[in-house]
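Student: Handing you this structure, nothing more for now.
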Amino acid sequence: MNYKNISYMISHVFLMLFMYLFIVHRYSKKRTAGVCITSFLMLTTTDFLKLNFFPESQLCYLFVTIFQICVTQFTGVYIARHRDSKLLFIGLSASNYVIAGSVMATILYIWTNNMVISIVGSVVIHITILFVLYVRIRVICFRFQERESGKSWWELCLIPVFFYCSFCTLAFFPIKLEDNPQNIPAVLLFLITMFVSYVVVLRYLESESERAGIYWKNVFFESYINGLESQYSLVEQSEHNLKILRHDMRHYSGMIDALLNQQAYDEIRNVTAHIKAVSDENKIVKYCENLMSNSIISHMMEKAQQCDVSVQLEAAVPRELPFNDYEFAAVIANLMENAVRCVSEFQTKEKRVEIKIECDKKHVLIHVWNAYEKEIMLDAMTGLPKSQAGDGHGLGMQSVQAFSDKVGGNIGCYCEKGIFHVLLFAKI
C-alpha cells in the first residue's frame, strides 16, 4: 500500500466521521455507524482502481470520482432524518472539508518528501479541521436541519459544488499538484477563503433565521395579547350588565309575584325568558381550559365574526399540556386563520368552518375542514398546500409541520367533495 492509498483512506475515514457527526440521524447510532463503515469500504476499494490498477487513466479517475461522489451523497441521504436541500448542502460540504485536508497532506509531502511526516500531518490536519468545525458550526448545522425553513437551499448548494470543482482543478485533475507545485499558494488561499465563507454564510443564515423567528413570535404574542384584551373587555361588559340585572331583579321579583296573583302564567314565562336571555348574553365563553389556547381561539373567533364566518368549534384542551403551550396555540391560530381567510372570500357559498381539537396526555388531534372555491395545489414533497400569494406566505403551514415533526405526529391535507381537510394527529 503506497502513500496515496493511505492518504485517501485517511480522507475517507474523516469523511464518514463528518457525515456521522454533522447529520441528524434517522436510525440508531449502531446502524448509522454500520452504514458509514460500509460506505468507507466502498470508497477505499474503488481507490485501488484509480491509484493501483489504472493510475495513468484520466477516464478511470473521472468515473471513479463520480461514483465516489454518488456513494458519499447517498450515504448522507440514507442516514439523515430530514432529506431535503439542507442535507445536500451538508453532504457536499463534507466532501469539501475532507478534500481540504487531503490537499494539505499533499502539500506537506511536496515540501518534506517524507511519507511519515505527510501521513502524520494529514491526520493532525484532518483532526484539527474536524474539531474546529465541530465546535463552530455543528450546532448550527443541527439547528438548520431540524428547523422548518420557508426557503430552499438548492442555490446555496452551488457554493460547495464550485469549491469542490475548483479544488479538483487546482490540485488533482487534469494536472496533479505534485506536477505543478506553483499552485500551492493559490490552493492555500482558496482553503482560507472556503473556511471563512462557510462560517460567514452559516452564521448569517442563523442570524436571519433568528430575526425571522423573533418577528413571528412577536406576531403570535400580539394575537395572544389581543385575545386577552378581548376577553377582558367581555368580562368588564358582562360584569356591568349583570350588575344592572341584579339591581333589577327585585323589580322582576315583584312583577312575577303580581302576575302569580293574577294567574298570568304566560306573562311570567315571558319575564323569565327575558331574564334568561340577558344572562346568556353576558355569559363569558370559555372554549377550553388552557389559557393560551383559549386566548388565541377567542381572538380568532372574533376575527371570524368580523368576516361573517360561522365557526363550529369543539375544543377539549386541558390546562396542562405535554408540550409547549405557545407552539400549540400557534398551530391552532395558523390553522384557524387559514380556514377563515379561505371562506371569507366566498360570494355565494356559506362561510363556514368546522374545527375539532382534542388533546390529553396521550394524544393530540386537530381537524379543520372548510369549503373552497379556488383550486388548492398540494406540494408533492411535503403534502402541504402551496401558497399562491408569493414569497413570505405559506409559513403558517410550515410552522404547523414543524410542530408535528417535533411531537412525532403526522399531518395530512386532502380535498374531498369540495371540502378541504387538515388533520394533525400525534401520540404523546
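Student: Say whether the condition of being within 14 Å of residue 424 (Cα to Cα) and either within 24 Å of the chain's Cα centre (by Cα) or loosely packed, with under 15 Cβ neighbours inside 10 Å (or both) is met by at least one residue in segment 341-351. Reasoning before the result, please.
Tutor: Here is the first cut: in segment 341-351, the ones within 14 Å of residue 424 (Cα to Cα) are none.
No, segment 341-351 contains no residue that is within 14 Å of residue 424 (Cα to Cα) and either within 24 Å of the chain's Cα centre (by Cα) or loosely packed, with under 15 Cβ neighbours inside 10 Å (or both).
Student: Tell me which residues, restricted to segment 182-192, are out of contact with any Phe, Trp or Tyr (no Cβ under 9 Å at 6 or more places or on another chain) and within 20 Å of residue 4 (Cβ to Cβ).
Tutor: Hit for segment 182-192 is 183, nothing else.
Student: Which number in (1) at pLDDT below 85; (2) in contact with a helix residue (DSSP H, G or I) (Cβ under 8 Å, 6 or more places away or on another chain) marks the one condition that residue 158 misses?
Tutor: It fails just one condition, (2).
Student: Then there's this: Being in contact (Cβ under 8 Å) with a residue 40 or more places away in the chain and of a type outside the set (Asp, Glu) is the filter here, so list the residues in segment 32-59 that pass it.
Tutor: Within segment 32-59, 32, 35, 36, 48, 51, 52, 58 meet the criteria.
Student: Keeping to segment 7-19, report how many residues are in contact with a helix residue (DSSP H, G or I) (Cβ under 6 Å, 6 or more places away or on another chain) and surrounded by fewer than 19 Cβ atoms within 10 Å (Cβ to Cβ).
Tutor: Total meeting the criteria: 1.
Student: Still on this structure: Please pick out the residue among 51, 59, 41 that is assigned to a helix (DSSP H, G or I), surrounded by fewer than 16 Cβ atoms within 10 Å (Cβ to Cβ), over 26 Å from the mean Cα position of the chain (by Cα) and at pLDDT below 90. Walk me through how you get there before you give the answer.
Tutor: Numbers: 51 fails: surrounded by fewer than 16 Cβ atoms within 10 Å (Cβ to Cβ); 41 fails: at pLDDT below 90.
Going through 51, 59, 41 in turn, the sole match is 59.
Student: I would also like to ask the following. I'd like the full set of residues that are part of a strand (DSSP E or B), within 30 Å of residue 347 (Cα to Cα) and hydrophobic (A, V, I, L, M, F, W, C), limited to segment 303-330.
Tutor: Filtering segment 303-330 for residues part of a strand (DSSP E or B) gives 310-316.
Those left that are additionally within 30 Å of residue 347 (Cα to Cα): 310-315.
Hits for segment 303-330 are 311, 313, 315.
Student: Let me confirm something: among 336, 300, which residue is assigned to a helix (DSSP H, G or I), out of contact with any Asp or Glu (no Cβ under 9 Å at 6 or more places or on another chain) and not hydroxyl-bearing (Ser, Thr, Tyr)?
Tutor: 336
Student: Under the condition of being touching a Leu at 6+ places or on another chain (Cβ under 9 Å) and among the polar types (S, T, N, Q), which residue from segment 94-120 is farthest from residue 162 (Cα to Cα)?
Tutor: Checking each candidate, the answer is 114.
Student: Could I ask something else about it? With the checklist (1) of a type outside the set (D, E, K, R); (2) in contact with a strand residue (DSSP E or B) (Cβ under 7 Å, 6 or more places away or on another chain); (3) over 13 Å from residue 355 (Cα atoms) in hand, flag the one item residue 322 doesn't pass.
Tutor: Of (1) of a type outside the set (D, E, K, R); (2) in contact with a strand residue (DSSP E or B) (Cβ under 7 Å, 6 or more places away or on another chain); (3) over 13 Å from residue 355 (Cα atoms), only one is false for residue 322: (2).
Student: Hey, does segment 391-404 have a residue that's surrounded by 14 or more Cβ atoms within 10 Å (Cβ to Cβ), at pLDDT below 85 and farther than 22 Å from residue 326 by Cβ?
Tutor: No, segment 391-404 contains no residue that is surrounded by 14 or more Cβ atoms within 10 Å (Cβ to Cβ), at pLDDT below 85 and farther than 22 Å from residue 326 by Cβ.
Student: If we scan segment 92-103, do we find a residue that is among the β-branched types (Val, Ile, Thr) and surrounded by fewer than 19 Cβ atoms within 10 Å (Cβ to Cβ)?
Tutor: No, every residue in segment 92-103 fails to be among the β-branched types (Val, Ile, Thr) and surrounded by fewer than 19 Cβ atoms within 10 Å (Cβ to Cβ).
Student: Hey, another quick one. Which one is surrounded by the most Cβ atoms within 10 Å (Cβ to Cβ) among residues in segment 104-121 that are out of contact with any Phe, Trp or Tyr (no Cβ under 8 Å at 6 or more places or on another chain) and touching a residue at least 24 places away in the same chain (Cβ under 8 Å)?
Tutor: 105
Student: Further question: Step by step: first the residues of segment 68-86, then only those that are modelled with pLDDT under 80 and either in a helix (DSSP H, G or I) or among the basic types (Lys, Arg) (or both), then the one that is surrounded by the most Cβ atoms within 10 Å (Cβ to Cβ). Which residue is that?
Tutor: 86
Student: Report yes if some residue within segment 134-153 is part of a helix (DSSP H, G or I) and under 23 Å from residue 64 (Cα atoms); otherwise report no.
Tutor: No, segment 134-153 has no match at all.
Student: Right, another one. On the given criteria, is residue 167 buried (at least 19 other Cβ atoms within 10 Å of the Cβ), under 30 Å from residue 397 (Cβ atoms) and among the aromatic types (Phe, Trp, Tyr)?
Tutor: Working: buried (at least 19 other Cβ atoms within 10 Å of the Cβ): yes; under 30 Å from residue 397 (Cβ atoms): no; among the aromatic types (Phe, Trp, Tyr): yes.
Taking the combined requirement at face value, the residue does not satisfy it.
The values are calculated or read from the model by the stated rules, or taken from the named source; none is laboratory data. Not measured: the values here are computed from a predicted model. Quick reminder, even Gly has a Cβ in these numbers, built from the backbone with ideal geometry, and neighbours come from all protein chains shown.
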